[in-house]
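Report on one structure; see the data block that follows.
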Amino acid sequence: LGVGLFVTYFPVWMENRLGFTGVMISGVYALGGLSNVLIGPRAGRISDIVGRKPVIIAASAGVGLFMAATPLSGGVPWGPFALFFGIMGCAAARYSAFQAMLTALVVGARRESFMSLTIAIGQEGFAVGSAVAGTLYAGIGFPMSAIIAGGLSVTAALLVWIGLPETLGHEADSEQAIQRTRSQVVHPAGCGPCPESVTPSEGVAVR
């Protein structure tokens, strides 16, 4: 929802308010993409060390602060470049850690349904945010949209802090449990060429 509120009219605001050309706006988004590529993998490695939850909270708070500060960057020519670089970097860090957390929140048999539902709800939030952004832009302008979007991102950080568990240690425990379960599987008699398939009366093991 917050991303939809922000990005829909961000280029319009840069063009109308700051006088950015199409090439300059493209440069802003290109720099944001570079930030995503540079920071995302590094944030993933950090989350493997310190945990998913701290990275998600810090990155969500960073996205919110950078979004809310964007309207203040109008007086500095390079301001939108720097802030959007920060927004996309924090967003990449949040996404990688959040995806890792989601895969550990449910058992494997329900993981695909859970991930699909999460993606669908995220797309719906983006659609609603984009629709609301038009009304806000026409009524009170982009700065208020950016502030509300930032507030929503900070709210997401609070929700993760309060409502979601840390999954880093549980991921390892779950993998070990799966390996133990697989090693303890007993094949029924007659299943094929394995020791468990031979009954005691046969006296030999099939190899």
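The values are calculated or read from the model by the stated rules, or taken from the named source; none is laboratory data. Computed from a prediction, not measured in an experiment: that's the story for all the values here. Note that we place each Cβ from the backbone using ideal geometry, even for glycine, and neighbour counts take in every protein chain shown. Please note that ligands, DNA and RNA were not included when accessible areas were found on the heavy atoms of the full protein model with its side chains. Shrake-Rupley method; radii C 1.70, N 1.55, O 1.52, S 1.80 Å.
I'd like to know which of Thr135, Val154, Asn36 lies farthest towards the positive end of the charge dipole of segment 35-182, counting +1 on Cβ of Lys and Arg and -1 on Cβ of Asp and Glu. About the Cα centre, the residue reaching furthest to the positive side is Asn36.
From largest to smallest, the equivalent ellipsoid semi-axes obtained for segment 1-109 from the alpha-carbon gyration tensor read 30, 13, 12 Å. Dipole magnitude for segment 1-94: about 300 debye, using +1 per Lys or Arg Cβ and -1 per Asp or Glu Cβ, origin at the Cα centre. For segment 39-128, the dipole from Cβ point charges (+1 on Lys and Arg, -1 on Asp and Glu) about the Cα centre works out to 240 debye, to the nearest 20.
Provide Glu124, Glu166 ordered by accessible surface of protein heavy atoms (probe 1.4 Å), highest first.
In descending accessible area the options line up as Glu124, Glu166.
Per-residue 3J(HN,Hα) values for segment 47-59, derived from phi via the Karplus relation 6.51 cos²θ - 1.76 cosθ + 1.60 with θ = phi - 60°, read 5, 5, 9, 8, x, 6, 4, x, 5, 4, 5, 5, 5 Hz in sequence order (x marks Gly and Pro). The figure for Val23 is an accessible area of roughly 120 square angstrom, using a 1.4 Å probe on the protein chains alone. When Ile49, Ile57, Ile25 are compared by accessible surface with a 1.4 Å probe, the order from highest to lowest is Ile49, Ile57, Ile25. What a 1.4 Å probe finds exposed on segment 43-102 is 77% carbon and sulfur by accessible area, rounded to a whole percent.
Taking 0.36 nm per residue of separation and subtracting the current Cα-Cα distance, fully stretching the chain between Gln123 and Glu15 would add 36.2 nm. When Phe84, Phe114 are compared by accessible surface with a 1.4 Å probe, the order from highest to lowest is Phe114, Phe84.
From the Cα gyration tensor of segment 76-115, with a ≥ b ≥ c the square roots of its eigenvalues, which class applies: rounded if a/c is under 1.5, or else prolate if a/b is larger than b/c, or else oblate? In terms of gyration-tensor shape, prolate.
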